[in-house]
Amino acid sequence: MGDEEDFDEPEIWDEYQWERFLQQQDRNTEKYFGLLEKYIDHPDRDSLIAREMGWETGECEHEVEWDEIAESVCNEEVEATEESTDIEFDEFARSPIYKDTLKLHTWINAWLDRDPALKEHPEAIRLATRSAVCGAKLAAALCGDDHTEIGMTIAYLKRGLKAANDALDAGAKLLAEKKMTTRQANTFSKLLFRVRDKIVDLMSEYRMEWRKRHGNL
């Protein structure tokens, strides 16, 4: 074969492999914060956390920057989109689904501002935070380019869909508790379903693209 060398093709993950990876990242984040709370006042906090997180690999030539590790563990969605260019984000910001998420967040903020007591209600907090998480997962999924892994995009869309469903569930409980009027609940559901339905459509489109490139899932 002359001077040609054989190289293995890099493994391309499907949505399920990416989902397992992201779930592990979530578990790592929860574990890190649990350890931080446990050892917050301990003089050897950093080394104890490092040992239990499995970060220690023997003697290090350089001091480990634990703040950087914490940032890495807790902000994987942000890091996943940092490679996107400003042009790519601008394109995402002009997309219908991004505009729909802004309308949703604007409505939620106005609704909470009208009744400050709601800001302490667990289900109102869940409604607001899960709606925000939905938008963050969408940004992580869609602020990429043609070379972005389709499996990763679908996995983030699925996480956005779950967050949207959680927010809908919180809205239903607030309506049942009469913390939200029927009119407010209908408006919220209408705004959220616009985002949710677009997520479902995008997942279908990306799965079709996956099948074109790699065959059936």
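The values are calculated or read from the model by the stated rules, or taken from the named source; none is laboratory data. Just so you know, these numbers come straight off a predicted model, no measurement behind them. Ideal geometry is used to build each Cβ from the backbone, glycine not excepted, and the neighbour counts take in all protein chains shown. For the accessible areas, the whole protein counts, side chains as well, though only heavy atoms, and no ligand, DNA or RNA atoms are used. Shrake-Rupley method; radii C 1.70, N 1.55, O 1.52, S 1.80 Å.
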Checked region 175-196 for anything farther than 16 Å from Asp100 by Cα, of a type in the set (A, V, I, L, M) and either in contact with a helix residue (DSSP H, G or I) (Cβ under 6 Å, 6 or more places away or on another chain) or not in a helix (DSSP H, G or I) (or both); matches are Leu175, Met180, Ala185
The helices (runs of 4 or more DSSP H) lying wholly within region 59-142 that contain at least 2 residues that are modelled with pLDDT of 90 or more, over 23 Å from Gln23 (Cβ atoms) and among the charged types (D, E, K, R) are 96-114
**Asked** What do you reckon, is Ala176 closer than 23 Å to Leu127 by Cα and open to solvent by less than 80 Å² (accessible area, probe 1.4 Å)?
**Response** no
Filtering region 170-212 down to residues that are more than 25 Å from the chain's Cα centre (by Cα) and under 30 Å from Gly151 (Cα atoms) yields Lys212
Contact list, first residue from region 189-217 and touching a residue at least 40 places away in the same chain (Cβ under 8 Å), second anywhere and open to solvent by less than 80 Å² (accessible area, probe 1.4 Å) and among the hydroxyl-bearing types (Ser, Thr, Tyr), beta-carbon distance below 8 Å, six or more apart or interchain, is Leu192/Ser131; Val195/Thr101; Tyr206/Thr153
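For every residue, the table says whether it meets (1) open to solvent by less than 30 Å² (accessible area, probe 1.4 Å); (2) touching a Cys at 6+ places or on another chain (Cβ under 9 Å).
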position: Ile154; (1), (2): yes, no
position: Leu157; (1), (2): yes, no
position: Asp166; (1), (2): no, yes
position: Gln184; (1), (2): no, no
position: Val195; (1), (2): yes, yes
position: Ile199; (1), (2): yes, yes
position: Tyr206; (1), (2): no, no
position: Glu209; (1), (2): no, no
position: Arg213; (1), (2): no, no
